[in-house]
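Peer 1: Quick one: this structure, given as structure tokens, is what I'll be asking you about.
Each reported figure results from applying straightforward, stated rules to the coordinates on display, with no laboratory input. Everything quoted here is computed from the prediction, not taken from an experiment. Cβ atoms come from the backbone with ideal geometry, glycine included; neighbour counts cover every protein chain shown.
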């Protein structure tokens, strides 16, 4: 179920790209366009139980990372902030992430900012932690 949830979160980022809020969704490699975003799996905890059937519950934690790079750090911050807030809205609108075959509940829990300097340009990075609870019955 991890692959399905990660795919659904990448779908949220693809929607941001379609809406023009980001230029690229990274899945592998390093696209030299900004703003861009990607999904990183941070943690998965799994438990199984058998009460009148067999079910598996997992708690998954992801980071949605939004990066902006340019000469004007305030402009880059505003661009990645708009993208991150739109991702928040999309997840809150459908906390199931559209995943079928299991009970899925996703919720953003934290947004952090980090700045870097790269060849005289400031990179602004917003990282949103998303926790996902998944329960499936077999």
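Peer 1: Residue 115 versus residue 18, label points 7 Å from Cα toward the beta carbon: distance in nm?
Peer 2: 3.5 nm
Peer 1: May I ask what percent, to the nearest 5, of DSSP beta bridges between residues of region 2-137 are antiparallel?
Peer 2: Percent antiparallel among DSSP bridges in region 2-137 is about 95.
Peer 1: Moving to a separate point now. Would you mind checking the tilt of helix 2-18 against the longest principal axis of the Cα atoms of the chain, expressed as 0 to 90 degrees and rounded to 10?
Peer 2: So the helix axis and the longest Cα principal axis differ by about 40 degrees.
Peer 1: Please arrange 66, 107, 34 by counting, for each residue, the other beta carbons lying within 10 Å of its beta carbon, fewest first.
Peer 2: Ordered from fewest to most neighbouring Cβ atoms within 10 Å, 66, 107, 34 come out as 107, 34, 66.
Peer 1: I need the per residue convex hull volume for the chain, using only the alpha carbons, in cubic angstrom as a whole number.
Peer 2: Value for the chain: 101 Å³ per residue.
Peer 1: Also, quick follow-up: Taking only Cα atoms and a 10 Å spring cutoff, compute GNM fluctuations for the chain and point out the largest among 36, 17, 121.
Peer 2: Largest GNM mean-square fluctuation: 121.
Peer 1: Before rounding to the nearest 500, sum -39500 (n - 2.57) across all DSSP H runs of length at least 4 in the chain and divide by the residue total; then give [θ] at 222 nm in deg cm²/dmol.
Peer 2: -9500 deg cm²/dmol
Peer 1: What angle, in degrees between 0 and 90 and rounded to the nearest 10, separates the Cα long axis of helix 73-93 from the longest principal axis of the Cα atoms of the chain?
Peer 2: Tilt relative to the chain: about 20 degrees.
Peer 1: I'd like the distance between the alpha-carbon centres of region 73-138 and region 13-62, rounded to an integer number of Å.
Peer 2: The distance from the Cα centre of region 73-138 to that of region 13-62 comes to 9 Å.
Peer 1: What ranking do 55, 28 get, fewest neighbouring Cβ atoms within 10 angstrom at the top?
Peer 2: 28, 55
Peer 1: Sticking with this structure for a sec: Once you've got the GNM for the chain with C-alpha springs shorter than 10 Å, pick whichever of 117, 25, 80 has the biggest mean-square fluctuation.
Peer 2: 117
Peer 1: Which order results if 12, 44 are arranged by neighbouring Cβ count within 10 Å, fewest first?
Peer 2: Result, fewest neighbours first: 44, 12.
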